[in-house]
1. Could we say that Lys89 is in contact (Cβ under 8 Å) with a residue 60 or more places away in the chain and either open to solvent by 40 Å² or more (accessible area, probe 1.4 Å) or out of contact with any helix residue (DSSP H, G or I) (no Cβ under 6 Å at 6 or more places or on another chain) (or both) here?
2. Any residue in region 136-148 that is free of Cβ contacts under 8 Å to residues at least 60 places away in the same chain and open to solvent by less than 50 Å² (accessible area, probe 1.4 Å)?
3. Look through Val383, Val397, Val331 and report the one residue that is open to solvent by less than 50 Å² (accessible area, probe 1.4 Å), touching a residue at least 40 places away in the same chain (Cβ under 8 Å) and within 30 Å of Leu252 (Cα to Cα).
4. Might you check whether a residue that is over 30 Å from His277 (Cβ atoms), at pLDDT below 90 and either hydroxyl-bearing (Ser, Thr, Tyr) or surrounded by 21 or more Cβ atoms within 10 Å (Cβ to Cβ) (or both) occurs anywhere in region 113-127?
5. Test Leu226 against the criterion of being out of contact with any helix residue (DSSP H, G or I) (no Cβ under 9 Å at 6 or more places or on another chain) and without any contact (Cβ under 8 Å) to a residue 12 or more places away in the chain, and give yes or no.
6. Is it the case that region 162-170 has a residue that's within 21 Å of Thr221 (Cβ to Cβ) and of a type in the set (Asp, Glu)?
7. Would you mind stating whether Gln365 is touching a helix residue (DSSP H, G or I) at 6+ places or on another chain (Cβ under 6 Å) and either at pLDDT below 85 or open to solvent by 50 Å² or more (accessible area, probe 1.4 Å) (or both)?
8. Going through region 168-190 one residue at a time, which ones are over 26 Å from Pro77 (Cβ atoms) and open to solvent by less than 50 Å² (accessible area, probe 1.4 Å)?
Amino acid sequence: MADDEQEDQKEYRWETGYEKTWEAIKDDDDGLLDGAIAEIIQKAKRQRQAQKTKQNRLGMMRHLFLVLDCSESMSVPDLKPTRLRCTVKLLELFIEEFFDQNPISQLGIIALKAKRAEKVTELTGTSRVHLKALESLANLSLTSEPSLQNGLDLALKTLKVVPSHASREIVIIMGSLTTCDPVDINLTIDELKKEGIRCSVISLSAEIHVARYLTQQTMGTFGAVLDDAHFRDQLMSQVDPPPAAKTQHNSLIRMGFPHTKNEVEGKDAPLSMCMCHIENLEDPSELCTTGHHCPQCNSKYCELPVECQSCGLTLVSAPHLARSYHHLFPVPNFEELPFEAMPTSSSDLGGGVRECYACAKALGQVADKVVFRCGFCKQFFCVDCDIFIHETLHACVGCNTIPGVDGLVYQQSAKPDQEDAHPGTSKQRGQFGM
């Protein structure tokens, strides 16, 4: 009998790894499942936000290469319609979000096909170039198997010459379970580790030992996707800048703020061509009077940010620097409280309705079991506004609309910095009223 009980308790490996998700759904006092389902949805929405931690040093100027597997394995239809088409569609969203959150960064694309690596786009800060290149990749004929080492070597050759103050990263999207490399791939991994290049891998099939080893040695991340929604979450986790590498040095960077010339000596500005399209045969430049002029060499460009082709000066605008700045000082995570802890709205006369401060949506006990309160302004928010504030707006609605609260935020956030500062600067802090 004892042997039979032990055999019953013993499970196979595939049985132990299976999650019984239906056990997490329990009905409430009224016999309904709405509350349990709403709670699961809330936890899934906040999972990415809960994983974020405040970093002291981040790689703000990022140089990232996307290495895309274009082998025969990408034609498998487990991700609809195929792995490649699903990847291209998600990469379009990723590129737009990447440049929105990292406007002073650069990105390039490398394709792995027929055991070779081909650079599809160079490192550039223009999303339009990458989106156009992805359209051509969607109709690519998929044959043979990839060479991970050739892709890493091609990216390494370009990232080696990137200045040391910039963050250098490689994100690999791998669909194949094998790689055909010319020599020992450990030599390339050691070189990447030596150069301080961070490598992350997203596998579309299963966990691969060499990919896991690559990410462990280069302090990157590894993930194997479950479905297209999980694939999107894994890809979007690469949008936020990573912690700065130990080999990354601090240095002053020259940047130019371009100006526009609408009038010259009382006359309309002359017609001219922009430098970013002057050599582009597919999308040639047109003569126009508008544009952004480099303050150093007076070259004209049609969009920002961009690196001046004549003098090498990085041209940006003030909003670009501001969007990069919010990663260093993120909005603190709101306090998670039960629905009963939220007071009723003072503007309501009869029903005692509890409202979200940001969207003014009436919250219910079934759909909103958990609410979120800011630690500074003490206002309550729903889960959707909490995610929108932390991932898109990057500023608390209550702290910026209630008079006097924003000053309290800056005073309390400055206290830890003053305590950690060098004692020799206390006199300077006293002079400026800090």
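1. On the way: in contact (Cβ under 8 Å) with a residue 60 or more places away in the chain: no; either open to solvent by 40 Å² or more (accessible area, probe 1.4 Å) or out of contact with any helix residue (DSSP H, G or I) (no Cβ under 6 Å at 6 or more places or on another chain) (or both): yes.
Taking the combined requirement at face value, the residue does not satisfy it.
2. Start the filter on region 136-148 by keeping residues that are free of Cβ contacts under 8 Å to residues at least 60 places away in the same chain, which leaves 136, 138-139, 141, 147.
Next, only the ones that are open to solvent by less than 50 Å² (accessible area, probe 1.4 Å) stay: 138, 147.
For region 136-148, residues free of Cβ contacts under 8 Å to residues at least 60 places away in the same chain and open to solvent by less than 50 Å² (accessible area, probe 1.4 Å): present.
3. Numbers: Val383 fails: within 30 Å of Leu252 (Cα to Cα); Val397 fails: within 30 Å of Leu252 (Cα to Cα).
Matching residue, one of Val383, Val397, Val331: Val331.
4. The answer is no; no qualifying residue exists.
5. Numbers: out of contact with any helix residue (DSSP H, G or I) (no Cβ under 9 Å at 6 or more places or on another chain): yes; without any contact (Cβ under 8 Å) to a residue 12 or more places away in the chain: yes.
So Leu226 passes the test.
6. Initial filter on region 162-170 (within 21 Å of Thr221 (Cβ to Cβ)): 162, 166-170.
Retained after the next criterion (residues that are of a type in the set (Asp, Glu)): 169.
Scanning region 162-170 turns up at least one residue that is within 21 Å of Thr221 (Cβ to Cβ) and of a type in the set (Asp, Glu).
7. Working: touching a helix residue (DSSP H, G or I) at 6+ places or on another chain (Cβ under 6 Å): yes; either at pLDDT below 85 or open to solvent by 50 Å² or more (accessible area, probe 1.4 Å) (or both): yes.
In short, yes.
8. So the first thing to find is which residues in region 168-190 are over 26 Å from Pro77 (Cβ atoms), and the list is 168-170, 181-190.
Result: Arg168, Glu169, Ile170, Asp181, Ile185, Thr188, Ile189.
The values are calculated or read from the model by the stated rules, or taken from the named source; none is laboratory data. Predicted, not measured: the structure shown is a model, and the values here were computed from it. Backbone-built Cβ (ideal geometry, glycine too); neighbour counts: all protein chains shown. To get the accessible areas, we keep the full protein, side chains included, count just its heavy atoms, and leave off ligands, DNA and RNA. Shrake-Rupley method; radii C 1.70, N 1.55, O 1.52, S 1.80 Å.
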